[in-house]
1. I want to confirm something. Restricting to the range 40-56 and keeping residues that are surrounded by fewer than 18 Cβ atoms within 10 Å (Cβ to Cβ) and in a loop (DSSP other than H, G, I, E, B), which single residue is nearest to the ligand (Cβ to nearest atom)?
2. From Met163, Met172, which residue is of a type in the set (A, V, I, L, M, F, W, C) and surrounded by fewer than 21 Cβ atoms within 10 Å (Cβ to Cβ)?
3. What number goes with the only condition from (1) within 13 Å of the ligand (Cβ to nearest atom); (2) in contact (Cβ under 8 Å) with a residue 24 or more places away in the chain; (3) not in a loop (DSSP other than H, G, I, E, B) that Asn221 does not pass?
4. When you check Arg243 against the structure, is it under 30 Å from Leu18 (Cβ atoms) and touching a strand residue (DSSP E or B) at 6+ places or on another chain (Cβ under 9 Å), yes or no?
5. Among the residues of the range 57-75 satisfying the criterion of being in contact with a helix residue (DSSP H, G or I) (Cβ under 7 Å, 6 or more places away or on another chain) and either not charged (D, E, K, R) or not in a helix (DSSP H, G or I) (or both), which is farthest from the ligand (Cβ to nearest atom)?
6. Contact list please: Cβ distance under 6 Å, first residue in the range 155-167 and within 16 Å of Leu36 (Cβ to Cβ), second residue polar (S, T, N, Q) and near the ligand (Cβ under 7 Å from one of its atoms), pairs at least six apart or on different chains.
7. Restricting attention to the range 76-93, does a residue exist that is surrounded by 22 or more Cβ atoms within 10 Å (Cβ to Cβ), within 13 Å of the ligand (Cβ to nearest atom), modelled with pLDDT under 95 and of a type outside the set (A, V, I, L, M, F, W, C)?
8. So Ala138 fits all but one of (1) in contact (Cβ under 8 Å) with a residue 12 or more places away in the chain; (2) within 12 Å of the ligand (Cβ to nearest atom); (3) under 18 Å from Ala158 (Cα atoms); what number is the exception?
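The values are calculated or read from the model by the stated rules, or taken from the named source; none is laboratory data. Keep in mind it's a predicted model, so treat the numbers as computed, not measured. Backbone-built Cβ (ideal geometry, glycine too); neighbour counts: all protein chains shown.
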Amino acid sequence: MNSLSNISCEAVLPVTELKSTDEIERSIQKKYRKYLWSPFIKAAKEFSLVEDGDRIAVAISGGKDSLLLAKLLQELQRASRTEFELVFISMNPGFNSENLENLKKNLDHLRIPCEIYDDNIFEIAEKMAKDYPCYMCAKMRRGSLYTKAVSLGCNKLALGHHMDDVAETVLMSMFQMSKYETMLPRLKADNFDIELIRPLYYVEEKDIIKFTANNGILAMNCGCTVAAGKTSSKRRETKELIRELAKSNPNIKKNILNSTKNVNLEKILGWKIGGKKYGYLDKY
Ligand SMILES: Nc1ncnc2c1ncn2[C@@H]1O[C@H](COP(=O)(O)OP(=O)(O)OP(=O)(O)O)[C@@H](O)[C@H]1O
């Protein structure tokens, strides 16, 4: 076993015993309708994420976000007139046996018929980029999931990124890379004939945590050193910053996300389209 897979982290712990599958499924439409179902539907409609004839691979990491993503898409399939197929896939990057057993237990209890396949990216990421393996790991994970989804005949791959991930990404681009851009809710994959969709785009992480903890689900919290808080992570710093700012501005995450819908190009110094750079002085 490699060291990335063998560290425990601050957990989202259940605050009750595990609820029955029926109860958990019902809670999506009842107790959490406003916080989970409605924002999920809003994003699905606004960005046409799910369409007739789609065959969607749902990427399950075993964490709280993708478990909820699977349940929401199953519920949509049950409730909507749109005809689409779902295929659930989980890449085992070298999880320890405890995590793997828990993942299988959760999939079984939540009635998610998921194929778990091995791709030992932890070991490779750690060898190639020992101090900051995140980037390498994420890149390899994306390639692995695209390849698997395409091999299963899927035209879309659904990921569990949520509103907090989006807001953090916008700030990280500005603070770390001096550029303004966001994580898109739907995009064509580079080098693969597949689209990536993010149906939790408008769902807040705190509501996913409530759903998970109050239904007694012990989701996988992290399978690696970085998520366990052992290595410096810019994302963690940014999350902390937004949390701090939200104390005086509760709308901060929504505002950051919405700012990417309201870019006033007349008050921007420079921008890029199709790899070409433009500046506001071009028209003078
Ligand atoms: N090992 C994996 N197998 C399949 N899908 C994965 C895997 N790891 C990540 N994903 C997909 O990529 C998304 C983003 O990954 P990330 O590691 O940022 O997860 P996260 O924000 O902790 O979400 P989650 O709670 O679902 O783990 C996940 O929600 C999931 O859809």
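1. Once the filter is applied, the top-ranked residue is Phe47.
2. Answer to the selection: Met172.
3. Going through (1) within 13 Å of the ligand (Cβ to nearest atom); (2) in contact (Cβ under 8 Å) with a residue 24 or more places away in the chain; (3) not in a loop (DSSP other than H, G, I, E, B) one by one, Asn221 breaks only (3).
4. Values: under 30 Å from Leu18 (Cβ atoms): yes; touching a strand residue (DSSP E or B) at 6+ places or on another chain (Cβ under 9 Å): no.
No; evaluated as a whole, the condition is false for this residue.
5. Of the residues in the range 57-75, the ones in contact with a helix residue (DSSP H, G or I) (Cβ under 7 Å, 6 or more places away or on another chain) are 57-60, 62, 64-65, 67-68, 71-72, 75.
Of the ones still in play, those that are also either not charged (D, E, K, R) or not in a helix (DSSP H, G or I) (or both) are 57-60, 62, 67-68, 72.
Values: Ala57: 9, Val58: 7, Ala59: 3, Ile60: 5, Gly62: 7, Leu67: 7, Leu68: 8, Leu72: 12 Å.
Checked the range 57-75; the qualifying residue farthest from the ligand (Cβ to nearest atom) is Leu72.
6. Within 6 Å, the pairs are Gly160/Ser66.
7. Checked against the condition, which is being surrounded by 22 or more Cβ atoms within 10 Å (Cβ to Cβ), within 13 Å of the ligand (Cβ to nearest atom), modelled with pLDDT under 95 and of a type outside the set (A, V, I, L, M, F, W, C), the range 76-93 yields at least one hit.
8. All conditions are met except number (1).
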